[in-house]
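A short worksheet on the structure shown next.
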Amino acid sequence: MRVLVHLRARADTTYQNDYHHKLRGRIWNALEGTEHEAVHDTNEPPGFSFSNPFPPQDMSEGDQRTLIVSAPQEELLSVIATDLQENPELNVGEMPFTVQGLSAITPDVGEPGSSGTIGTGTGLLVRIPPWRCEDYGIDNPGEEAVYWRPEHTIEPLREQLEANLDKKYSLFGPEYLPGPSETNGDLFDGYELLKTFAVPLQVTTDQRLTYVLSKWQFDYTVRNDDHRRHLNLALDCGLGERNALGLGFCNLTEKRDPYGKPAPEVHG
Amino acid sequence: MSDNAYADDSYEPVTNRSEIVFCYDAVDANPNGNPLSGANRPRIDPETQQAIVTDVRLKRYLRDQLDDDGHGVYVQNVKNEAGEQSSREDLLESRLRGLEPEDWDFDDLDDEDEAKLREEVFGAFLDNSADVRYFGATMSVDMKGSYEPFAEHLPDHFTGPVQFSPAKTLHPVTENEEYNSLTSVIATGEGKEQGGFDLDDHRIQYGFIAFHGLVDEHGAADTKLSTADVERLDTLTWRAIKNQTISRSKVGQEPRLYLRVEYKDESFHLGGLTRDLDIDEDRSVPTDELRNVREFTLDGTELVSRLDRHDDRIARVRVVASDVLDVTVDDETYTAGDEVGEHGFYDVLRGAVGDDIVEVVNVYDEAAATMPE
């Protein structure tokens, strides 16, 4: 599920592409003192993801923007929503906003037989662990993880995306039902790379790294209820790494039901 | 009214009575809040601590699914297309206005004339209102003035031939600790807390809910409920719970068992089949510790035994069970097979009523054929 945060710019402002670190800070501050705070100091996926304030253009005072925060745990979103209501001033670096309202939506890829497209709204970062590099024919002399680039081909991306979602499923999915790696079939049946781009990210207070991110359109056809659950989890948690920095945030961009009708709604 | 209540040659009346058992479960959810409780608390029987889900709640899911599938629906949810209901009333009133009172000899209307009149006024309305065909409705059509003579020949309400009874969980339930749901946070922030609806702060940990339904073949002709409509229930109920509980306030509910027993003989049904189901307490965790379906086992011994005793009266049994539901019959536990569409419970049913009588519903494959043309 996800919260749409309706924003109003408080001043004429240049759009800041390096918004990630500041927004992340606001979300962790909201979670401070709750059970969700514990994940902060671990390497575990945080269980939330967020969009950029969109549309990403320079603003005049009074302009409207929207921010989406998604998570599989409703209570976590409730905590964030409460914080945004109680403190409607939201400063994302040099971009000053006021929260004007909130709404909630629950995107769903659809019942078995439905098909559609999931787009990465923000850049995707996929980590290839050093011990898998040889399997994929990737040259990696060091002990450091490699991050996916187009020359690595689709195969490692496909496998590592699923392994990553598997980890999130073990944390946030129902344990009595199978996770992505326990079922047959791929998560997606089409991978369209739209572009790659480099973004400098403040990973920790004293570490700033430049990552090569990619934007994708992933086509899917829902095979069964398990697959539906896995894809919906991807929409909630985000795909790939660094979701707590807003990377890998996903949108349902197209959806067709199994019976030849366009789906009633597609949530951005 | 009789089978030829409507002068519509394309209408295929329902000839067999059916009894429906439909079970779903709720995990960390509020399966049916009670707005009168002030905080939309789950409805719980104070004596037995069983959670209660009204037939209204189930019919809401079914209507919403009918609507999403593109079938016409008369009783609309507010979330749906505005004006839809009034357009159906308009349809009815325009049909009525199209009638000339002087064309009808009200003192001498035979059955055939009445069937023609009903088809003229209500035929198109019923063809376009799937939910009225199932569950009935009260009409609000003004038949005053020169239309008054029509009133005594036309129904002012439709009794639904498909009736569900309010359901209870098969076991006592435990309420979760309160927490603020996203819906309530947003509603409160916008100053809408006075409305009180949909504030799902209160949820039960786990509940296995069993509904009982009846399809009355005698009432079917009144609303033009067709055989295809009845067969649509075999996939609609399952899909409705799957699809209409995705939203945050209803999340955590899953269909577990559907059984439609179609009888051979007119006016016969066993009755109360849902009461023959029970929790298998020996194979389930204590009810106050139940958290999900893996910790619950359904006891279907009495149900299978009753069907077995009356197998000569049963034309067919349409069944689908969740692949994570365990069912015991006569102290033996039956689980899903390795292949989709296999469940040990199906085999037990086949043993009880006959191989040819049991038909396993393939929900998603069959659903396509139930869609509007």
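Among the residues of segment A:144-167, are any open to solvent by less than 70 Å² (accessible area, probe 1.4 Å) and assigned to a loop (DSSP other than H, G, I, E, B)?
Filtering segment A:144-167 for residues open to solvent by less than 70 Å² (accessible area, probe 1.4 Å) gives A:145-148, A:150, A:152, A:154, A:156-166.
Adding the requirement that they be assigned to a loop (DSSP other than H, G, I, E, B) leaves A:145, A:148.
Within segment A:144-167, one or more residues are open to solvent by less than 70 Å² (accessible area, probe 1.4 Å) and assigned to a loop (DSSP other than H, G, I, E, B).
Picking from residues in segment A:56-71 that are within 19 Å of A:K22 (Cβ to Cβ) and among the polar types (S, T, N, Q), the one that is farthest from the other protein chains (Cβ to nearest Cβ) is A:Q57.
All of A:N43, A:N29, A:N87 fail the test of being over 18 Å from A:G121 (Cβ atoms) and within 17 Å of the chain's Cα centre (by Cα), apart from A:N43.
Going by the conditions given, is A:G33 small (G, A, S), modelled with pLDDT of 90 or more, open to solvent by 30 Å² or more (accessible area, probe 1.4 Å) and not in a strand (DSSP E or B)?
On the way: small (G, A, S): yes; modelled with pLDDT of 90 or more: no; open to solvent by 30 Å² or more (accessible area, probe 1.4 Å): yes; not in a strand (DSSP E or B): yes.
Answer is no for this residue.
I want to confirm something. Restricting to segment B:204-237 and keeping residues that are among the small types (G, A, S) and not in a helix (DSSP H, G or I), which single residue is farthest from B:V14 (Cα to Cα)? Here the residue is B:G207.
Taken over segment B:90-123, residues that are assigned to a helix (DSSP H, G or I), open to solvent by 20 Å² or more (accessible area, probe 1.4 Å) and either within 19 Å of B:L225 (Cα to Cα) or small (G, A, S) (or both) amount to 6.
For (1) free of Cβ contacts under 8 Å to residues at least 12 places away in the same chain; (2) of a type outside the set (D, E); (3) within 14 Å of chain B (Cβ to nearest Cβ), each residue gets a yes or a no:
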site	(1), (2), (3)
A:E37	yes, no, no
A:H40	no, yes, no
A:F50	no, yes, no
A:F54	no, yes, no
A:Q73	no, yes, yes
A:L77	no, yes, yes
A:D83	no, no, yes
A:P88	no, yes, yes
A:T98	no, yes, yes
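All of A:T117, A:T122, A:T66, A:T98 fail the test of being touching a helix residue (DSSP H, G or I) at 6+ places or on another chain (Cβ under 9 Å), modelled with pLDDT of 90 or more and either surrounded by 19 or more Cβ atoms within 10 Å (Cβ to Cβ) or not in a loop (DSSP other than H, G, I, E, B) (or both), apart from A:T122.
Given the structure, is B:V320 under 21 Å from B:E231 (Cβ atoms), under 20 Å from the mean Cα position of the chain (by Cα) and away from every other protein chain (no Cβ under 14 Å)?
Details: under 21 Å from B:E231 (Cβ atoms): yes; under 20 Å from the mean Cα position of the chain (by Cα): yes; away from every other protein chain (no Cβ under 14 Å): no.
Answer is no for this residue.
Contact map, segment A:215-230: residues that are within 14 Å of another protein chain (Cβ to nearest Cβ) paired with residues that are in a strand (DSSP E or B) and open to solvent by 10 Å² or more (accessible area, probe 1.4 Å), Cβ distance under 8 Å, separation 6+ or inter-chain. Pairs shown: A:T221/A:S115; A:V222/A:S115.
Okay, residues lined up against (1) open to solvent by 30 Å² or more (accessible area, probe 1.4 Å); (2) charged (D, E, K, R):
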{"residue": "A:G173", "(1), (2)": "no, no"}
{"residue": "A:G185", "(1), (2)": "yes, no"}
{"residue": "A:T205", "(1), (2)": "yes, no"}
{"residue": "A:L233", "(1), (2)": "no, no"}
{"residue": "A:K255", "(1), (2)": "yes, yes"}
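Being open to solvent by 40 Å² or more (accessible area, probe 1.4 Å) and small (G, A, S) narrows it down to one of B:A221, B:A228, so name that one.
On inspection, the qualifying residue turns out to be B:A228.
Do we find a residue being assigned to a loop (DSSP other than H, G, I, E, B), open to solvent by less than 30 Å² (accessible area, probe 1.4 Å) and at pLDDT 95 or above anywhere in segment B:167-179? Yes; the residues of segment B:167-179 include at least one that is assigned to a loop (DSSP other than H, G, I, E, B), open to solvent by less than 30 Å² (accessible area, probe 1.4 Å) and at pLDDT 95 or above. State all residues of segment B:40-53 that are surrounded by fewer than 19 Cβ atoms within 10 Å (Cβ to Cβ) and touching a helix residue (DSSP H, G or I) at 6+ places or on another chain (Cβ under 9 Å); if no residue qualifies, say none. Selection gives B:Q49 alone.
The values are calculated or read from the model by the stated rules, or taken from the named source; none is laboratory data. None of these values were measured; they are calculated from a predicted model. Glycine gets a Cβ as well: all are built from the backbone with ideal geometry, and neighbour counts include every protein chain shown. Note: areas computed on protein heavy atoms with side chains; ligands, DNA, RNA excluded. Shrake-Rupley method; radii C 1.70, N 1.55, O 1.52, S 1.80 Å.
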